[in-house]
Amino acid sequence: MVGRGSSGVRPAGEVLTEEDRSQFADLLVAVATTQDRAAFSELFGYFAPRVKSYLMRLGSDNAHAEEIAQDVMVTVWRKASLFDRRQASVSTWIFRIARNRRIDVFRRTKKPDLDPEDTMLLPSGFDAPDAGVDAMETEARVRAAMKDLPEEQVQLLKLSFYEGLSHSEIADKLNVPLGTVKSRIRLAFSKMKARLNDD
């Protein structure tokens, strides 16, 4: 892949090119057809930390995000043969697995912090699991919705979604109880969803 580091993957924050998507698909096909461990290692090295970051954006703490991300990558290894490059990119396929796995956990615990169906929580540079969402329009609507929130809630959302901090890190940074951070983010997110649904 063009511009990859010594680990064989693109640095964080870079948008995937068509060449990247094609080569990731080739790697996944190699896993599916020959159980190629080197190919899987490359996929794991690139996607596992990004899946973990995505899960933390949904409200999982570090330990749970790590556990679910590991489970997602095990699923990628076991279910690689189900991938169809004509239907979706590798990133779409893997993040769909992550989203569905998070939903399973979501339903079991019944203590959701954020909605894993919300495509605006996906890491930048990746295809959304569900196509057809205009990213610029969505961002504009989100920013408009945020203007109606109290400043303390806006600050929490920015720290969580734009700076990528976990709830625990936000609590430490602002010197407020973790439970307060979680409840305020839940409240802010509920208000934003109501506003976006009204639009």
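The values are calculated or read from the model by the stated rules, or taken from the named source; none is laboratory data. Small disclaimer: the values here were computed from a predicted structure and weren't measured. Glycine also receives a Cβ, built like all others from the backbone with ideal geometry; neighbour counts cover every protein chain displayed.
With respect to the numbered conditions (1) on the phi > 0 side of the Ramachandran plot; (2) at pLDDT below 90, which one is the sole condition not fulfilled by LEU16?
(1)
Check VAL181, VAL142 and return the single one that is outside the structural domain of GLY59 (by TED's automatic domain parsing) and at pLDDT below 75.
Numbers: VAL181 fails: at pLDDT below 75.
One residue alone meets the criteria, VAL142.
Going by what's in this entry, would ARG50 be described as outside the structural domain of SER160 (by TED's automatic domain parsing), of a type in the set (D, E, K, R), in a helix (DSSP H, G or I) and out of contact with any Asp or Glu (no Cβ under 6 Å at 6 or more places or on another chain)?
Numbers: outside the structural domain of SER160 (by TED's automatic domain parsing): yes; of a type in the set (D, E, K, R): yes; in a helix (DSSP H, G or I): yes; out of contact with any Asp or Glu (no Cβ under 6 Å at 6 or more places or on another chain): yes.
So ARG50 fits the description; yes.
From the list ALA30, ALA39, which residue is surrounded by 19 or more Cβ atoms within 10 Å (Cβ to Cβ), farther than 29 Å from LEU157 by Cβ and at pLDDT 90 or above? Can you show your working first?
Values: ALA30 fails: surrounded by 19 or more Cβ atoms within 10 Å (Cβ to Cβ).
Only one candidate passes the filter, namely ALA39.
Quick one: GLN155 ticks every box in (1) surrounded by fewer than 17 Cβ atoms within 10 Å (Cβ to Cβ); (2) modelled with pLDDT under 70 except a single one, so which number is it?
Condition (2) is where GLN155 drops out.
Can you name the residue in the stretch 44-63 that is surrounded by 23 or more Cβ atoms within 10 Å (Cβ to Cβ) and within 14 Å of PHE24 (Cα to Cα) and is also farthest from the chain's Cα centre (by Cα) among such residues?
Among those residues, the one meeting the criterion is TYR46.
Mind checking which residues of the stretch 93-114 are within 18 Å of ARG50 (Cα to Cα) and either at pLDDT below 90 or surrounded by fewer than 17 Cβ atoms within 10 Å (Cβ to Cβ) (or both)?
Scanning the stretch 93-114 gives ARG96, ARG99, ASN100, ARG101, ARG102, ILE103, LEU114.
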